[in-house]
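S.K.: Handing you this structure, nothing more for now.
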Amino acid sequence: MGMTDKQFQSWVRFLLEDLREFKEEKDPEKQMAKLEKILDNLQKTLED
C-alpha cells in the first residue's frame, strides 16, 4: 500500500526535524546516537 502525498510530506517533515536536531547536537556521542536512530528509521521504512 502506498502513501498519499500528504502522508509523504508528513514523513519528510519528521525526517527534516530529526536531521536538524542531529545538526544542532554538539555532544559527539549524542549526535551519533541521533544519527543511528535516523538510519534505523530509514531502514525500517524501506523494509515495510
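S.K.: How do the pairs read when you match residues in the range 2-28 that are farther than 15 Å from THR45 by Cβ and touching a residue at least 12 places away in the same chain (Cβ under 8 Å) with residues anywhere that are open to solvent by less than 100 Å² (accessible area, probe 1.4 Å) and part of a helix (DSSP H, G or I), using Cβ under 7 Å and keeping only pairs 6 or more apart or on different chains?
M.R.: GLU21/LYS34; PHE22/GLN31; PHE22/LYS34; PHE22/LEU35; PHE22/ILE38
S.K.: Any chance you could count how many residues in the chain are open to solvent by less than 80 Å² (accessible area, probe 1.4 Å), not in a helix (DSSP H, G or I) and not charged (D, E, K, R)?
M.R.: Here the count works out to 2.
The values are calculated or read from the model by the stated rules, or taken from the named source; none is laboratory data. These numbers come from a predicted model, not from an experiment. Glycine gets a Cβ as well: all are built from the backbone with ideal geometry, and neighbour counts include every protein chain shown. All accessible areas refer to the heavy atoms of the entire protein, side chains included, with ligands and DNA or RNA removed. Shrake-Rupley method; radii C 1.70, N 1.55, O 1.52, S 1.80 Å.
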